[in-house]
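Remarks on the structure that follows.
Only the coordinates and a few stated rules stand behind these numbers; no lab work does. What you see is a predicted model; the values in this text were computed from it and never measured. Heads up, the Cβs are rebuilt from the backbone with ideal geometry, glycines too, and the neighbour counts pull from every protein chain shown.
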Amino acid sequence: MPWHRGRGDRARSDGAARRGRRSAPAAVSRHPHGAVQRPPSCDIAGTAHGSRVRVGSFGGLVPSREFAVPSVASSPDVLAPVPGGGASTEVAEYRLSWEGYAYTARVARLGSPVTEPLLVLGGSDQTRYSWVRHERWLGELGTVVTVDLPGFGDADFLPVEHGIDFLAECAGHMLRELGLGPVNLYAGCYGAAVGLRLTQRYPHLLRRVAVQGMSDHIPDWFAESLKGWVRLLEEGRVEETAEEFVRCFVPPPGDRTVRKHAALTRLMYQQFAAQSPRDVSVTVERNRRLLAHEWYRRAPVPAVPYLVFTGEHDTLTTPDLVRSVAADLPGAWFTTITECGHLAHLQRPQDLCDLLVRFFRDHRPQDAGLPYCGPFERFQGPPVPRAPRA
């Protein structure tokens, strides 16, 4: 059963004794030609000019999965070419710790920046490698940051007692430690809950915010599905859970046109069913977290540009549910991506990235007549409170 404790009362895991309360990466120096030089004590791995290395648990270099792109879950590897032409790409990974939980940030510098760095907070089964494929298009922005927060990817297991606030605090810690703020933020699905909480808690760290597939509450039917998945996974019925999972995220399209439906149905089933025992335990805890903590919070947000969207045929975060989120954000634009369900980043990846690049470069996508978008709608949102005087 889920439980609630303050951080001071957290039951320490078996590995807690070896964890520090808070650690920062050692200073990083850069070679004149752009390569990262690794100080002896720095828990960081750099990749430059197409090389592939990453940091191990105790700082040793091990073969990297840098270009292994798990499109949905973290189990199988789908290889992709080096984005950005190789020589112009510099990738560094930073092993960090927040409140005793280790996590890893990936910073890809893909060319001369034309705007603030882009922070990507993806969905529940995505890792820091899930967006490598998209960097061939997002690289136009300059710098793309992805992260395995605690409870995601190969970061430390995160007990259910820690909710969305903890993850938002961790994301804020990463931005401060790496000196990345302010940033542009793309936040989708599970990551959208974290991203909006980040926006509320650290408004000075955000410049523009794009939100995909986010609802202002968890529908009752989905909450019941989550409880069922947890029960099935605890009983070891992973393949049966995979079938239910696919029916939820990739439902039969009926007479609607939904791109890549058959391929995504197969892919998501195969990846979910192939989860390791650790993956299953992480999935169980992540689902419990959704049920045990506040999913959405109405609170003041900064007066920055907002873009809110979802797939036109999304049955999990329907357009009407996502409009409710747009209505809470000052001056937000809302639209849909056509012929897509909940997985637009896989169904129309280049179009989704084009929409994001236009938005983050202030190219007014609402005026561009984009063929892959539905009508754009403007929401005024609640009034933004004045900042207190210093």
* Asked: What is the pair-distance distribution P(r) of the stretch 174-273, computed from all Cα-Cα distances in 5 Å bins starting at 0, with each bin given as a whole percent?
  -> 2, 11, 15, 15, 16, 14, 11, 12, 4, 0
* To do: Please check which bits of the stretch 273-288 a label hung off Thr315 would reach, taking the label as a point 7 Å along Cα-to-C-beta and the cut-off as backbone N under 17 Å.
  => none
* Pop a pseudo-label 7 angstrom from the Cα along the beta-carbon direction at both Asp220 and Arg297 and give the gap in nm to one decimal. => 2.7 nm
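Go ahead and run the numbers for FRET between Arg237 and Phe157, Cβ-Cβ distance against an R0 of 22 Å, rounding to 0.05.
Numbers: r = 21 Å, r/R0 = 0.98.
About 0.55, to the nearest 0.05.
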